[in-house]
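Please read the structure below before turning to the comments.
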């Protein structure tokens, strides 16, 4: 572990002002929820932690710091202890999150990234935080672009984005307030204030693709990111959601959108309706969009979703056939703790011994009132609808629960709003959240 330091005073005030401006744009000063900071101990995350502390104190908001020990480096526990001490000296609560178990022999960087997001999302949920702050800089954007040019599958960091882990990250967002700042400027400002930080030797290891990209982009200029947010938001506004989490939109709305906006929208809609985590492949998605534009009636399945059009209306539902193909089993519902079914519904029960599973093959066992109410749903959405099964074998449609013991929250539309960047700040997070099946 190498520690960097420097005496004197310098440009920290300007750096902090820029970070606080991003906070003011995206965060709600009066919110009661705490803010979580991902703190690795490096110079970037230290700058973020220091700026967060001063902003949170001025607003009267709580801030927490978390450090992930991936158990990939012998000094990992030592680094985490240093982070805990630094957070404590700032008066901040701190937790160390450990990625345990056997590590994969291939795809380790991606697996570590996925594990990091899962651990942080779980920790944020435990304390009630819906926004996680991360210290990515303009250099990270440049490095990601260089790595993609070299064939790597690396996501592009954005200022505001939904948590990439699902379902752990449901309803959770990441704010990266330093994407317009360069790493060297941050560290120069910290050094002038006498701060020290951890420098991971892997950042200079030429065998690592990220380190090679870092060296190659050190002098590059930051690039601007352009996203057709308004076009995607307009398509979202035309959506209708059924009680089963199914989505519908007029075909002409999709056909009139720009190719990029239509592809982004439809890819996200399929992913969210399916409750899965793997986006559709380009050629198959292009074929679906071509059929929609031509007004041709069709039915197709992609990434666990079923998309159907009669030429006028496009309907997107879960593909119930995947339950049979993958052998998806019923799952228990923990008493008092939210359980996510099929990535599409969050079910909370206040009773022991309940399970949740798909309706497929069980409709005849439902009470008559539930069977009658199912007729109001799109036929294609019924088979994948969740049912709650009691210890004695009794079955009820979770969406029509008539008991205070069961509450169901649809996740499809809020997740899609996040994916399409309809939710742009902390105050918007609950705007599209919907609760059904509550009595």
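The values are calculated or read from the model by the stated rules, or taken from the named source; none is laboratory data. Remember, predicted model here, so these are calculated numbers, not experimental data. Quick reminder, even Gly has a Cβ in these numbers, built from the backbone with ideal geometry, and neighbours come from all protein chains shown.
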* For residue 340, are the conditions met, namely being buried (at least 21 other Cβ atoms within 10 Å of the Cβ) and outside any loop (DSSP other than H, G, I, E, B)? -> no
* To do: Filter region 323-337 for residues that are surrounded by 19 or more Cβ atoms within 10 Å (Cβ to Cβ) and either in contact with a helix residue (DSSP H, G or I) (Cβ under 8 Å, 6 or more places away or on another chain) or assigned to a loop (DSSP other than H, G, I, E, B) (or both) and give the result.
  => 333
* Name the single residue, out of those in region 343-356 being outside any loop (DSSP other than H, G, I, E, B) and over 18 Å from residue 272 (Cα atoms), that is nearest to the chain's Cα centre (by Cα). => 348
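Looking at 38, 30, 51, which one is at pLDDT below 95, assigned by TED's automatic domain parsing to the domain that holds residue 159 and either touching a helix residue (DSSP H, G or I) at 6+ places or on another chain (Cβ under 8 Å) or over 20 Å from residue 424 (Cα atoms) (or both)? Give the steps one after another, and end with the answer.
Details: 38 fails: at pLDDT below 95; 51 fails: at pLDDT below 95.
Of the residues listed, the single one that is at pLDDT below 95, assigned by TED's automatic domain parsing to the domain that holds residue 159 and either touching a helix residue (DSSP H, G or I) at 6+ places or on another chain (Cβ under 8 Å) or over 20 Å from residue 424 (Cα atoms) (or both) is 30.
Is it the case that residue 142 is in contact with a helix residue (DSSP H, G or I) (Cβ under 7 Å, 6 or more places away or on another chain) and buried (at least 19 other Cβ atoms within 10 Å of the Cβ)? Even if it seems obvious, please write down each step before you answer.
Numbers: in contact with a helix residue (DSSP H, G or I) (Cβ under 7 Å, 6 or more places away or on another chain): no; buried (at least 19 other Cβ atoms within 10 Å of the Cβ): yes.
When the stated conditions are applied, residue 142 does not pass them.
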* Asked: Which of the residues spanning region 353-364 are in contact with a strand residue (DSSP E or B) (Cβ under 8 Å, 6 or more places away or on another chain) and over 18 Å from residue 405 (Cβ atoms)?
  -> 358, 359, 362
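Would you mind finding the one in 171, 151 that is assigned to a loop (DSSP other than H, G, I, E, B) and in contact (Cβ under 8 Å) with a residue 12 or more places away in the chain?
Values: 151 fails: in contact (Cβ under 8 Å) with a residue 12 or more places away in the chain.
171 is the lone residue from the list that is assigned to a loop (DSSP other than H, G, I, E, B) and in contact (Cβ under 8 Å) with a residue 12 or more places away in the chain.
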* If you take the residues in region 388-416 that are within 26 Å of the chain's Cα centre (by Cα) and closer than 13 Å to residue 359 by Cα, which one is surrounded by the fewest Cβ atoms within 10 Å (Cβ to Cβ)? -> 399
* To do: Just give me the residues in region 338-364 being within 22 Å of residue 315 (Cβ to Cβ) and in contact (Cβ under 8 Å) with a residue 24 or more places away in the chain, in sequence order.
  => 341, 342, 343, 344, 345, 358, 359, 360
